[in-house]
Every structure is written in C-alpha cells, then in structure tokens.
Amino acid sequence: MAKLSDEAKKAIGEIHPAVVASASKSGKPNVSAKGSLRVLNDDNVVFADVASPRTLANLKENPQVSVMCLDAAQHHSCRIWGVAQVITSGTLFEDLKKEFAARKMSVKNIVKIAVQEVEVS
C-alpha cells in the first residue's frame with residue numbers, strides 16, 4: 001500500500017473532476033468522471049456513486065482501478081492505482097449520503113480505493 005503525499009492530497013483536493021478507469025472481468029474498459037473524489041486518509045481515497053452503473057458493475061467483477069486528476073492547463077497531474085471496495089452502509093456511507101442529499105443528489109454506493117501506487121507530476 002502506498003501513502004498519499006501532501007502533494008498528491010493537494011492535487012486530489014484541487015483538480016475536479018477526476019477520471020476513474022475500471023475494467024470488467026473480461027477486460028472491457030470504462031472511464032467515468034468523478035467530481036466527488038476526495039482523500040479519506042493517507043492510504044485511501046473515496047468517491048460517491050451517484051450515477052455510475054458501468055463503473056460499479058466493473059468494480060464488482062474486478063476491483064482494480066486507476067484514477068487520474070489532470071490539470072492540463074497547468075501541466076499537473078496525480079495518478080492513483082489501487083483496489084476498490086464498494087460500500088453500501090456504515091458511517092462513511094451515511095455521512096456522504098447526507099452531504100450529497102443536501103445538494104439534491106442520491107448516493108447509491110461509496111467506493112473506497114486502497115491506494116497501491118501514486119504518481120504526481
């Protein structure tokens with residue numbers, strides 16, 4: 001497991017949306033923009049599933065995931081590779097569900113990504 005550096009945390013906090021790449025068990029890829037990506041702690045990032053049926057289907061078959069936060073104008077990026085866990089209950093789920101409900105958005109799942117590798121450029 002890789003730790004998120006302060007530089008990576010800053011990039012994740014500032015660059016939105018992030019792009020999440022997943023693949024089914026058979027290898028069919030999917031890429032999806034995630035405005036909700038955020039740092040959970042030194043080892044994990046999370047995002048809310050508001051409308052991501054293909055991403056969630058892929059992650060249930062194959063939890064390997066890649067995330068890219070890209071600020072093309074500033075030539076700055078943060079890439080993350082990790083393993084996703086789909087969360088459907090508990091404190092983290094309830095907290096984010098409440099936060100998004102205030103913005104008239106319905107959270108179906110929370111995806112927690114255990115960071116295995118991170119690269120900032």
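Computed from the coordinates by the stated procedures, all read-outs in this text should not be read as laboratory data. The structure displayed is predicted, hence computed values, not measured ones. Quick reminder, even Gly has a Cβ in these numbers, built from the backbone with ideal geometry, and neighbours come from all protein chains shown.
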### Message
With just the Cα atoms defining each centre, how far is the range 38-68 from the range 15-36? Give it in Å.
### Response
8 Å
### Task
May I ask which of Lys10/Lys60; Lys25/Lys97; Lys9/Lys112; Lys9/Lys108; Lys34/Lys60; Lys34/Lys108 have a Cα-Cα span longer than 21 Å here?
Lys10/Lys60; Lys25/Lys97; Lys9/Lys108
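Grab the Cα-Cα distance for Ala21 and Ala101, subtract it from 0.36 nm times how many residues apart they are, and report the gain in nm with one decimal.
Length difference between fully extended and current span is 26.2 nm.
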### Task
Taking the Cβ of Ala84 as the centre, find all other residues whose Cβ is under 10 Å away and add up their charges (Lys, Arg: +1; Asp, Glu: -1).
+2
### Query
For Cα extents along the principal axes in Å, the listed values are (1) 38, 29, 27; (2) 37, 34, 27; (3) 41, 33, 27; which was obtained by calculation from the structure presented?
(2)
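Could you tell me the relative contact order of the range 6-120? Use alpha-carbon pairs under 8 Å, at least six residues apart, and round to a whole percent.
29 percent
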### Task
Would you calculate, for the chain, the mean residue ellipticity at 222 nm contributed by helices, counting each DSSP H stretch of 4 or more residues as -39,500 (n - 2.57) and dividing by all residues, to the nearest 500?
-7000 deg cm²/dmol
### Query
For the range 16-71, what relative contact order do you get, as a whole percent, if you take Cα pairs closer than 8 Å and at least 6 residues apart?
46 percent
